[in-house]
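The values are calculated or read from the model by the stated rules, or taken from the named source; none is laboratory data. Here the structure is a predicted model, which means the values were calculated and not measured. In this analysis, Cβ positions are derived from the backbone assuming ideal geometry, glycine residues included, and neighbour counts consider all displayed protein chains. What goes into the accessible areas is simple: the full protein's heavy atoms, side chains included, and nothing from ligands, DNA or RNA. Shrake-Rupley method; radii C 1.70, N 1.55, O 1.52, S 1.80 Å.
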Amino acid sequence: MLSFADTLVQGLLLGGLYALFALGQSLLFGVMRLTNTAHGDFIILAAFGAWSLSLLTGSPWLAMLLLLPLAFAGGYLLQRLVLNGTLGKDPMPSLVVTFGLAIIIQNLLQQIYTADPRSIDSGGLNTATFQIAEGLAVGALPLLIFGAAVALTAGLQLLFDRTDLGRAFRAVSDDREAAELMGLDHRHVYALATGIAFLLVAVAGTLQGMKTTVAPSDGPSLLLYAFEAVIIGGMGSFYGTLLGGMLLGVTQGIGFRIDPGWGIWSGHVVFLAALLLRPSGLFPRTR
Amino acid sequence: MELLSTRKLEAYYGDSQALFGIDFEVEPGEIVALIGANGAGKSTFLKTVCGLLPAPREAIRFGGEAIGGLAPGSIVRRGIALVPEGRRLFPSLSVEENLKLGGYVRRAGPWKLQTVYRLFPRLQQRRAHPAVALSGGEQQMVAIGRALMSNPQLLICDELSLGLAPVVVKEIYQALGELCRDGLTAVIVEQDVAVAQRVSRRLYCMQEGRITLTGPSESLTREQISRAYFGV
């Protein structure tokens, strides 16, 4: 019984990490229907950035703090200078361009950092645990990641629902031309959304690098988890994305428990089942 | 001096020409109606004036300044607001959020949430509802209120009466009449020729991208209008 509780808890915590991967993607899709196929590679890029900064500063948290403004500026400029030109009725240009970016990032990282996996020194946080009961222990870092995922989901949903910026996001998402008639510049609004998505990418990358090892070629698998969480949860709903991530994590946990080879696979099976049974996701918001 | 004028305005969708040398004038405080059959070019004309379609800079003048081809945002900042055909309210936004978005450019003037609610008291009761959950007439009020929130000098209304009951149409145009007595200028595009003639001071009729008739609304005869409208 307790071992089942353990599986469940570990799965939920893992799901928090997946949600963190997915939130930025969810935001970009919600605001501009952009599918960023380089999303996972940007997370890995952020992880390596944080790794370098943490060697410089001696603290992973200081590294994350320094990375945030860089990520926001990078996201804003990427959207303004590259991605805005790819958006339109045809999804193909944005897919091709972000796919190209993924290849560039992977090779650039391999060139600079070699193919060796690395980990950000978390000062022992990655091995610290809380003993909750006999046979049920919770890692400090996974718990922190989970807390960050919940807090960022709530924060992002509040931003979307309650602020002027969130109103602008929803308006350009609903009807870009009508929003322009109100004086909104969609290129600027889109760039702000990408800037915010990259803040989430920076947090996700740093935490991923602290939790485990990262290698330049890890991006596509992270992208897959992010995709699955977004689609299970429903496009454009941040709480849906969080739940989608948790469902994915729990399923993988149960799969691992049954057979170590089943973990990732059972996650994909649940994703396929969700596509078959509820193609619009659990909590679809976009129209 | 006229508030808005266009001189030999032409517009294109790709290679096909949609407007052929439109001369159009609106004086301060007037309601000017623009009528014409479907596809005559009315909406194209409005889109060009509002910056959604390209135009030569000098072809459109507003308040003495050449504004042709400026971005829609620059045009609304100068004081032209559009109530688009089909209302185009934002489905994800509540009534009040739609109105607030209309005030995005923060142009100075009398219009704020309270003044819009005073004009259309029904909207205040429904302020938290999704805008698209309202009745057609109420949605049209939101669309007008949203345009007014930018404190325009010139309000352009595309097909206000489309899909609305006659009694609601009357109510909407009554409100518009009051606004113009208070100093607002308006251009209305209207399917219903009788309504257009009744509420406007002057009238333009378009056909196949050209102005085919213009004059004081009350002096134009039914024959003149139908010839300009249908070309027979």
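Note down all Cβ pairs under 8 Å where the first residue falls in region A:211-232 and is on the phi < 0 side of the Ramachandran plot, the second is basic (K, R) and open to solvent by 40 Å² or more (accessible area, probe 1.4 Å), and they're at least six residues apart or on different chains.
So the pair list comes out as A:T213/A:R118; A:V214/A:R118; A:A215/A:R118.
Restricting to region B:89-105, what's the tally of residues that are within 16 Å of the chain's Cα centre (by Cα) and outside any helix (DSSP H, G or I)?
The initial filter retains those residues of region B:89-105 that are within 16 Å of the chain's Cα centre (by Cα), namely B:89, B:102.
With the extra rule that they be outside any helix (DSSP H, G or I), the set shrinks to B:89.
Total meeting the criteria: 1.
Quickly run through region B:66-88 and pick out the residues that are in contact (Cβ under 8 Å) with a residue 24 or more places away in the chain, in a loop (DSSP other than H, G, I, E, B) and facing chain A (nearest Cβ under 8 Å). Before the answer, list the steps.
Residues of region B:66-88 in contact (Cβ under 8 Å) with a residue 24 or more places away in the chain: B:68, B:73, B:75-77, B:79-88.
From what's left, in a loop (DSSP other than H, G, I, E, B): B:68, B:79, B:84-88.
Once the filter is applied, which keeps residues that are in contact (Cβ under 8 Å) with a residue 24 or more places away in the chain, in a loop (DSSP other than H, G, I, E, B) and facing chain A (nearest Cβ under 8 Å), region B:66-88 yields B:P84, B:R88.
What residue, of B:R57, B:R106, is within 13 Å of chain A (Cβ to nearest Cβ) and either open to solvent by 40 Å² or more (accessible area, probe 1.4 Å) or over 28 Å from B:R122 (Cβ atoms) (or both)?
Working: B:R57 fails: within 13 Å of chain A (Cβ to nearest Cβ).
Testing whether each residue is within 13 Å of chain A (Cβ to nearest Cβ) and either open to solvent by 40 Å² or more (accessible area, probe 1.4 Å) or over 28 Å from B:R122 (Cβ atoms) (or both) leaves just B:R106.
Looking at B:V187, B:V167, B:V116, which one is more than 14 Å from chain A (Cβ to nearest Cβ), out of contact with any helix residue (DSSP H, G or I) (no Cβ under 7 Å at 6 or more places or on another chain) and open to solvent by less than 10 Å² (accessible area, probe 1.4 Å)? Don't jump to the end; show me each part of the working.
Numbers: B:V167 fails: open to solvent by less than 10 Å² (accessible area, probe 1.4 Å); B:V116 fails: out of contact with any helix residue (DSSP H, G or I) (no Cβ under 7 Å at 6 or more places or on another chain).
Just a single option satisfies the conditions, and that option is B:V187.
Is it the case that A:I120 is in contact with an Asp or Glu (Cβ under 6 Å, 6 or more places away or on another chain), touching a residue at least 40 places away in the same chain (Cβ under 8 Å) and either closer than 26 Å to A:G58 by Cα or among the acidic types (D, E) (or both)? Walk me through how you get there before you give the answer.
Working: in contact with an Asp or Glu (Cβ under 6 Å, 6 or more places away or on another chain): no; touching a residue at least 40 places away in the same chain (Cβ under 8 Å): yes; either closer than 26 Å to A:G58 by Cα or among the acidic types (D, E) (or both): yes.
No: the conditions fail for A:I120.
Of the residues B:A128, B:A143, B:A147, which is under 24 Å from A:R167 (Cβ atoms), within 14 Å of chain A (Cβ to nearest Cβ) and surrounded by fewer than 18 Cβ atoms within 10 Å (Cβ to Cβ)?
Details: B:A143 fails: surrounded by fewer than 18 Cβ atoms within 10 Å (Cβ to Cβ); B:A147 fails: surrounded by fewer than 18 Cβ atoms within 10 Å (Cβ to Cβ).
Only one candidate passes the filter, namely B:A128.
Between B:D158, B:D182, which is within 14 Å of chain A (Cβ to nearest Cβ), on the phi < 0 side of the Ramachandran plot and either among the aliphatic types (A, V, I, L, M) or touching a Pro at 6+ places or on another chain (Cβ under 9 Å) (or both)?
Working: B:D182 fails: within 14 Å of chain A (Cβ to nearest Cβ).
Only one candidate passes the filter, namely B:D158.
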